[in-house]
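The values are calculated or read from the model by the stated rules, or taken from the named source; none is laboratory data. In this text the structure is predicted, and so the values were computed from the model without any measurement. FYI the Cβ positions are ideal-geometry reconstructions off the backbone, even for glycines, and counts take in every protein chain you see. When the accessible area is computed, the model is the full protein with side chains, heavy atoms only, and any ligands, DNA or RNA have been set aside. Shrake-Rupley method; radii C 1.70, N 1.55, O 1.52, S 1.80 Å.
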Amino acid sequence: NNDEQNAYEIVGVGSDATDADIKKGFRQRSLKTHPDRNPHLKDAARLFHELTQAQNKRTRKRNQRRRQNGRNTHRRPEQIRDAGRRMVEERQAELLRQQKEAELAERSAQEELDPPPLGAYPLSFSSLHAQTSPQASTTPPSVSGTRSPSTPT
């Protein structure tokens, strides 16, 4: 326990500090003791090494306690598989939706190019032809009444 208390002192926080406080204290101390940032300090490399060792030790102990309490910070394999499965299913559903939209757009474009089906309009060619047929007006009974008197019969 004395070792753990010493680690908190090296980081510059109390033993009741939160994870955020510890992280902030470590960053501040590491900037003050990093050998590249402080070449004028003779013990900078040693101090920085002690600081990182203290942080690593504290982090290992924290993770060990979490594992023992069943609150591991890492995802379990079945959670990863489930998340991956959901992502695949969502992607497949999206691709299927896009495919249906493309088919619908293609179908409507093709319908615009196709001729209309037979009987789509109220008048068909045959009924139009029967109404204006020249035979109806040139049959012998109708023609006989239209002859001129000078023409012999």
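Worth pointing out:
- Screening region 1-42 for residues that are acidic (Asp, Glu) and modelled with pLDDT of 85 or more and picking the one that is farthest from the chain's Cα centre (by Cα) gives Asp36.
- Positions within region 43-70 being modelled with pLDDT of 85 or more and either closer than 18 Å to Val13 by Cβ or assigned to a loop (DSSP other than H, G, I, E, B) (or both), in sequence order: Asp43, Leu47, Phe48, Glu50, Leu51, Thr52, Gln53
- The condition of being touching a residue at least 24 places away in the same chain (Cβ under 8 Å) and open to solvent by less than 70 Å² (accessible area, probe 1.4 Å) does not hold for Phe48.
- Condition met for Thr153 (of a type in the set (Ser, Thr, Tyr), at pLDDT 75 or above and either closer than 30 Å to Thr18 by Cβ or not in a helix (DSSP H, G or I) (or both)): no
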